[in-house]
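The values are calculated or read from the model by the stated rules, or taken from the named source; none is laboratory data. Please read these numbers as outputs of a predicted model, since none were measured by experiment. Using ideal geometry, Cβ is built from the backbone for each residue, glycine included, and neighbour counts are taken over all protein chains shown. All accessible areas refer to the heavy atoms of the entire protein, side chains included, with ligands and DNA or RNA removed. Shrake-Rupley method; radii C 1.70, N 1.55, O 1.52, S 1.80 Å.
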Amino acid sequence: PAQYGPRVKALAVHLNQYHLLPCKRSSEVLQDIFGLSVSQASLLTFTAEAAHRLKPTVAAIAQAVQSAPVVHADETGIRVQDQLQWLHCAVTPTLTWLGHHDRRASVAFEALGVLPGFKGMLVHDGLAGYRRLDCLHSLCNAHHLRELTFVHEQERAFDPWAQEMIDVL
């Protein structure tokens, strides 16, 4: 059995989680650069250890996001073992909180626990679940621009109006 120090473990997790290299490729990089034969199973163990050690940090980020004056929230579909799930984010200018859930809106918000109780200005895409939260709401201009671009490119009857709104935003 091999033993790896904290720097090797940190680099392996960094390659896999930050640079999004698959486990196999992360192991290959460690082999190619350092001559280390790190199994994919070891890499998964390192990632689980890092997640455990980061729990207090993630909780502190969630608490700071909850007390921020303005938070942007969104969700995007991800595949987890071939199942559609959702990666939720709550973002301030200096913090990003991420969590995944198998649902997209209210049920996920309650389970993840970051958005319920938030009282500041929540910037979002208008998903119905967000509107149920007891806070101030603002719709995201990036989502407006995406919709207007579609209208501009596909619905020629509204073309001048859509382009003018894009320019304004």
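The table below gives the values:
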quantity	calculated
Yes/no for D102 being within 30 Å of L139 (Cβ to Cβ), touching a residue at least 12 places away in the same chain (Cβ under 8 Å) and open to solvent by 60 Å² or more (accessible area, probe 1.4 Å)	yes
Residue match in the stretch 60-73 (condition: hydrophobic (A, V, I, L, M, F, W, C), part of a loop (DSSP other than H, G, I, E, B) and over 20 Å from R131 (Cα atoms))	no
Test: A90 is small (G, A, S), in a helix (DSSP H, G or I), within 27 Å of D134 (Cα to Cα) and touching a strand residue (DSSP E or B) at 6+ places or on another chain (Cβ under 9 Å)	no
Whichever residue in the stretch 1-38 is at pLDDT below 95 and hydroxyl-bearing (S, T, Y) and, among such residues, is most open to solvent (accessible area, probe 1.4 Å)	Y18
Criterion (more than 28 Å from A142 (Cα to Cα) and either touching a Ser or Thr at 6+ places or on another chain (Cβ under 8 Å) or aromatic (F, W, Y) (or both)) met by exactly one of L43, L87, L54, L11	L43
Residue in the stretch 43-57 that is surrounded by fewer than 11 Cβ atoms within 10 Å (Cβ to Cβ), in a loop (DSSP other than H, G, I, E, B) and more than 14 Å from the chain's Cα centre (by Cα) present	no
Helices (runs of 4 or more DSSP H) wholly inside the stretch 106-159 that include at least 2 residues being β-branched (V, I, T), free of Cβ contacts under 8 Å to residues at least 60 places away in the same chain and open to solvent by 30 Å² or more (accessible area, probe 1.4 Å)	141-154
Subset of the stretch 65-80 [in contact with a Ser or Thr (Cβ under 9 Å, 6 or more places away or on another chain) and open to solvent by 40 Å² or more (accessible area, probe 1.4 Å)]	P69, V70, H72
Residue in the stretch 81-91 that is open to solvent by less than 100 Å² (accessible area, probe 1.4 Å), among the polar types (S, T, N, Q) and within 17 Å of S67 (Cα to Cα) present	no
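For every residue, the table says whether it meets (1) farther than 27 Å from V168 by Cβ; (2) over 13 Å from the mean Cα position of the chain (by Cα).
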site: I78; (1), (2): yes, no
site: W97; (1), (2): yes, no
site: S106; (1), (2): yes, yes
site: D125; (1), (2): no, yes
